[in-house]
Amino acid sequence: MGQLCINDVSYTVNQQPILKSLDLMVASGEYVTLTGPSGSGKSTLLKLIASLLTPTSGTIQLDDSQIETIAPSEYRKRVSYCFQQPTLFGETVADNLNFPFEIRQLPVDHDLILERLQQVGLTALYLTKQVTALSGGEKQRVALIRNLLFKPEVLLLDEVTTGLDAANKAIVDQLITDYNEIEGVTVISVTHDQQELQRKGRQLTMVAGQWATTHESSR
């Protein structure tokens with residue numbers, strides 16, 4: 001589960017083409033890195049895959065289903081999108097990490113929450129912290145584990161390490177690697193970070209809404 005098929009997808013805003021007849025097949029459990037100049041359409045493609053935008057033409061398929069035929073609540077469970085600027089809600093970190101359980105009408109698994117916090121270098125003391133008191137790196141880590149408390153089939157990452165220091169980047173990178181390599185989560189990541197671009201897997205470059213090159217890293 002977690003295979004994506006993008007077929008002849010275009011996206012136009014005010015008669016201005018943003019994406020132009022894109023085709024892409026991403027295998028279940030694959031790691032694909034998207035790079036290219038700012039404004040080339042990378043984030044737009046992620047938002048289309050996340051079903052936050054609708055293609056002007058073409059189709060996007062998750063496994064055997066066109067994504068528009070999947071109930072939005074179900075699709076959000078299967079495909080998780082992480083923004084470059086993390087969005088936290090409520091008052092505390094606990095409000096954010098309890099939420100995935102609450103929307104599924106499940107009891108909150110406090111042990112799992114603590115385990116995920118530890119994975120990103122945070123302690124139980126963070127649960128009572130006000131979200132307004134968190135640093136950018138802390139907000140990003142909380143937002144990421146909120147998305148991963150229930151394993152998605154596909155994880156979409158929009159420059160999630162931008163602005164993080166080296167230590168935080170390493171923590172986030174390791175967590176994502178574990179979910180991809182151990183848990184089999186399909187990952188599509190937009191980045192300009194040169195270290196991330198050395199990750200094993202497939203690298204695609206987008207220029208002006210079209211594919212420019214592909215590259216298989218040897219790492």
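So the values come out like this:
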read-out: Cut-off 14 Å, label 7 Å out along Cα→Cβ of GLU115, residues of region 146-188 by amide N; value: 148-151, 179, 183
read-out: Reference-scaled alpha-carbon Rg (2.2 N^0.38 Å with N residues) for region 4-217; value: 1.02
read-out: Sparse-neighbour loop sites [chymotrypsin sites (Phe, Trp or Tyr not before Pro); region 32-141; at most 16 other C-beta within 10 Å; DSSP]; value: PHE89
read-out: Alpha-carbon centroids, region 77-147 and region 1-46: separation in whole Å; value: 28
read-out: Convex hull volume per residue for region 93-147, taking Cα atoms only, in Å³; value: 69
read-out: Computed E for ALA208/ALA124 - FRET, C-beta separation, R0 35 angstrom, nearest 0.05; value: 0.15
read-out: In Hz, Karplus ³J(HN,Hα) per residue of region 78-88 (6.51, -1.76, 1.60; θ = phi - 60°; x = Gly, Pro); value: 8, 10, 10, 10, 10, 7, 4, 9, x, 10, 9
read-out: Estimated FRET transfer efficiency when R0 is 25 angstrom, pair ALA71-ALA170 (beta carbons, to 0.05); value: 0.10
read-out: Positive-end extreme of charge dipole, the chain - chosen from ALA71, ALA50, GLY136 (charges on Cβ); value: GLY136
read-out: Fully extended contour minus Cα-Cα distance, from SER135 to LEU53, at 0.36 nm per residue; value: 26.6 nm
read-out: Count, lysine Cα pairs under 17 Å in the chain, 8 or more residues apart or across chains; value: 7
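A short reminder: the numbers here are calculations on the coordinates, not readings from a lab. From a predicted model like this one, the values you see are computed outputs, not experimental measurements. Glycine also receives a Cβ, built like all others from the backbone with ideal geometry; neighbour counts cover every protein chain displayed.
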